[in-house]
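The values are calculated or read from the model by the stated rules, or taken from the named source; none is laboratory data. The structure displayed is predicted, hence computed values, not measured ones. Glycine also receives a Cβ, built like all others from the backbone with ideal geometry; neighbour counts cover every protein chain displayed.
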Amino acid sequence: MTREGPVKCVVWDIDNTLLTGIYLESGEQPPGADPVLAAVLAELGERGILHALASKNPPEAAAHTARVTGWRFAAAECGWGRKSDALARIAATLGIAVDALAFVDDDPYERAEVGFALPGVLVLSPEEAAEAAGWPEFSPPVITAEARRRGEMYAERQRRQAAGRSFGGTRAEFLETAGTRVTIAAAAAADVPRLHELAVRTRQFNSAAGPAGAGMTQDWFRDLLAARDSDVVTVRLCDAFGDDGMVGGCVIARDAGTWTVPLLMMSCRAMGRGVIDAVLAWLARQAARAGARALRVPCVVNDRNVPLRLALAAAGFRVPGAPGAGDAVSSGQAPAMYTHDLAPPLPGLPGWVSAPGERDGGAA
Amino acid sequence: MTPAGPDGAASVADQLRAFLASATGRDELRHVPPGTALFGTAVGLDSLTGTLLLREIQRRFGVDVAGEDLNLDSLATLGTLAAFVAQRARPDAAGP
């Protein structure tokens, strides 16, 4: 796979990279932070880029590095295994694609190992990383309030996941217990930068990811806000562990008889928290109330957005005339037309969802 | 291709149950009958657990469910998924 899109997380080596020496060889006085790279950490963090550590050191080295750089790392892998394996685990922990990672290490052998095993990762020496703040891969087109809080939100996510693992009940029960609130609302002009950011950043939950989504600029969203036969919708999420802000959105094209959703997107941070299911159920209910008989979500089929296809299948969407099971799914072609027949009974909506047309917090 | 016998599907179903129970932390999923709907309330497969399950199937049996079934109809029940996987499992990707 080749690189596409911006870097979402930089994975840093510790010895002679973020630290000005070798942790285990420095005795009583562990080395301090490299001042240039500490400034790069802060600059990229402001832009919503996450930082993680991968080091052949005991875990205390990660705690020391966090202390001297003043940075809270979203993930840390300390051990003596291959760094490419550490990067794959970090990507899985954070719920992002491996090729949204960059990797910085002073050791050319480690850089070669990661570059060979994970060709989608942007591999940099510390000298290159010092310059990286000016590179397009590290310059997201817009920086939103959600982006600035991203590092903090991953820490909240780790606490939420730990609570979820020890909970024992069903996921629906956990969401209820965690005080989950999903708020679906009509978009306003101030929402456009974040909507655009979601359109370009999301991969796993993006019905138009890739070339099909290339035209979804801020102006495209502004034109839709003014259009009479379209709706732009925002989705916000919070719970007792933290406020994730706007995590998703969609565009609805209303036509007599059929509603079509040319764009449905959600941050993978909201995965497993009932958000995409709530949005799909609300869309079906709202379309049916408006008299539509079918709801359609054209969805590009690729190996990245399998989570979105799972959500569509779980919500009862099917592709009419699709080849039967066993025929290979062709990807990169025209979008598949996922369709929901709006005959009753309509899907229910949990009480913790508030949305237009749903009375009293959307209780089903 | 391994022969698609009822034994193959039953063994796959057992492995899928064990995986679902460990991925969700819900021990009762070790005992779901084959006819149980995966997306229904009993199992409550969502996009997160579904993605983990499909990744595990690919790793353990070498079967790319999402790549071979656009509508994911094979995920209707535990039994349909186990049969789908058992028919396509590659012997060299066999599990424990």
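Quick one: in the range B:68-90, of everything that is assigned to a loop (DSSP other than H, G, I, E, B) and within 16 Å of A:Arg318 (Cα to Cα), which residue is farthest from the other protein chains (Cβ to nearest Cβ)?
B:Ala76
If I ask for residues that are buried (at least 18 other Cβ atoms within 10 Å of the Cβ) and part of a helix (DSSP H, G or I), which ones from the range B:58-67 would you list?
Of everything in the range B:58-67, those that are buried (at least 18 other Cβ atoms within 10 Å of the Cβ) and part of a helix (DSSP H, G or I) turn out to be B:Arg60, B:Phe61, B:Val65, B:Ala66.
Where residues in the range A:125-169 are in contact with a helix residue (DSSP H, G or I) (Cβ under 8 Å, 6 or more places away or on another chain), of a type in the set (D, E, K, R) and more than 14 Å from chain B (Cβ to nearest Cβ), which of them is farthest from B:Ala21 (Cα to Cα)?
A:Arg148
Residue by residue, here is whether (1) over 25 Å from B:Phe39 (Cβ atoms); (2) modelled with pLDDT of 85 or more; (3) basic (Lys, Arg) holds:
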{"residue": "A:Gly151", "(1), (2), (3)": "yes, no, no"}
{"residue": "A:Arg171", "(1), (2), (3)": "no, no, yes"}
{"residue": "A:Phe174", "(1), (2), (3)": "no, yes, no"}
{"residue": "A:Thr180", "(1), (2), (3)": "no, yes, no"}
{"residue": "A:Ala190", "(1), (2), (3)": "yes, yes, no"}
{"residue": "A:Leu198", "(1), (2), (3)": "yes, yes, no"}
{"residue": "A:Ser207", "(1), (2), (3)": "no, yes, no"}
{"residue": "A:Gly210", "(1), (2), (3)": "yes, no, no"}
{"residue": "A:Leu224", "(1), (2), (3)": "yes, yes, no"}
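Which is within 19 Å of A:Thr20 (Cα to Cα) and not charged (D, E, K, R), of A:Ala117, A:Ala52, A:Ala75?
On the way: A:Ala117 fails: within 19 Å of A:Thr20 (Cα to Cα); A:Ala75 fails: within 19 Å of A:Thr20 (Cα to Cα).
Only one candidate qualifies: A:Ala52.
Of these, B:Leu52, B:Leu48, which one is within 22 Å of A:Arg318 (Cα to Cα), part of a helix (DSSP H, G or I) and more than 7 Å from chain A (Cβ to nearest Cβ)?
Answer to the selection: B:Leu52.
Among the numbered criteria (1) part of a helix (DSSP H, G or I); (2) under 21 Å from B:Leu75 (Cα atoms), which one does A:Ala288 miss?
With respect to (1) part of a helix (DSSP H, G or I); (2) under 21 Å from B:Leu75 (Cα atoms), A:Ala288 is out only on (2).
Considering only the range A:165-172, I want to know if a residue exists there that is farther than 30 Å from B:Val43 by Cα, without any contact (Cβ under 8 Å) to a residue 40 or more places away in the chain and surrounded by 14 or more Cβ atoms within 10 Å (Cβ to Cβ).
Looking through the range A:165-172, none of the residues is farther than 30 Å from B:Val43 by Cα, without any contact (Cβ under 8 Å) to a residue 40 or more places away in the chain and surrounded by 14 or more Cβ atoms within 10 Å (Cβ to Cβ).
Answer yes or no: is there a residue in the range A:186-208 that is within 13 Å of chain B (Cβ to nearest Cβ), assigned to a helix (DSSP H, G or I), over 25 Å from A:Leu312 (Cα atoms) and not hydrophobic (A, V, I, L, M, F, W, C).
Checked the range A:186-208: no residue is within 13 Å of chain B (Cβ to nearest Cβ), assigned to a helix (DSSP H, G or I), over 25 Å from A:Leu312 (Cα atoms) and not hydrophobic (A, V, I, L, M, F, W, C).
Residue pairs, Cβ under 7 Å, 6 or more apart or interchain, first in the range A:82-93 and within 14 Å of A:Val10 (Cβ to Cβ), second assigned to a helix (DSSP H, G or I). List them.
The qualifying pairs are A:Lys83/A:Glu110; A:Lys83/A:Glu113; A:Lys83/A:Val114; A:Leu87/A:Val98; A:Leu87/A:Val114; A:Ala91/A:Val98.
Those residues that are among the β-branched types (Val, Ile, Thr) and within 12 Å of chain B (Cβ to nearest Cβ), I need them from the range A:276-299; list them, please.
If we filter the range A:276-299 for residues that are among the β-branched types (Val, Ile, Thr), which is where we start, we get A:276, A:279, A:297.
Hits for the range A:276-299 are A:Ile276, A:Val279.
Counting only residues that are crowded, with 19+ Cβ neighbours inside 10 Å and not in a helix (DSSP H, G or I), how many does the range A:129-162 have?
2
Is it fair to say B:Thr41 is of a type outside the set (A, V, I, L, M, F, W, C), within 9 Å of chain A (Cβ to nearest Cβ), in a helix (DSSP H, G or I) and over 11 Å from the mean Cα position of the chain (by Cα)?
So B:Thr41 fails the test.
Can we say A:Arg254 is part of a helix (DSSP H, G or I) and either more than 14 Å from every other protein chain (Cβ to nearest Cβ) or over 21 Å from A:Ile143 (Cβ atoms) (or both)?
So A:Arg254 fails the test.
Would you be able to say whether some residue in the range A:75-86 is of a type in the set (S, T, N, Q) and more than 29 Å from A:Phe205 (Cβ to Cβ)?
no
With the condition kept exactly as written, say whether any residue in the range B:8-19 is facing chain A (nearest Cβ under 9 Å) and modelled with pLDDT of 90 or more.
No - not one qualifying residue is present in the range B:8-19.
Can you confirm whether A:Gly179 is out of contact with any helix residue (DSSP H, G or I) (no Cβ under 9 Å at 6 or more places or on another chain) and part of a loop (DSSP other than H, G, I, E, B)?
yes
So that you can scan it fast, the table gives a plain yes or no per residue for (1) over 16 Å from A:Glu110 (Cβ atoms); (2) modelled with pLDDT under 95; (3) part of a loop (DSSP other than H, G, I, E, B); (4) out of contact with any Cys (no Cβ under 8 Å at 6 or more places or on another chain):
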site: A:Gly21; (1), (2), (3), (4): yes, yes, yes, yes
site: A:Glu28; (1), (2), (3), (4): yes, yes, yes, yes
site: A:Ala38; (1), (2), (3), (4): yes, yes, no, yes
site: A:Leu41; (1), (2), (3), (4): yes, yes, no, yes
site: A:Gly45; (1), (2), (3), (4): yes, yes, no, yes
site: A:Gly48; (1), (2), (3), (4): yes, yes, yes, yes
site: A:Ala66; (1), (2), (3), (4): yes, yes, no, yes
site: A:Gly81; (1), (2), (3), (4): no, yes, yes, yes
site: A:Leu87; (1), (2), (3), (4): no, no, no, yes
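Picking from A:Pro30, A:Pro59, which residue would you name as being in contact with a His (Cβ under 9 Å, 6 or more places away or on another chain) and either buried (at least 16 other Cβ atoms within 10 Å of the Cβ) or within 24 Å of A:Gly81 (Cβ to Cβ) (or both)?
A:Pro30
What do you reckon, is A:Ala172 within 11 Å of chain B (Cβ to nearest Cβ) and in a helix (DSSP H, G or I)?
For A:Ala172, the condition - within 11 Å of chain B (Cβ to nearest Cβ) and in a helix (DSSP H, G or I) - is met.
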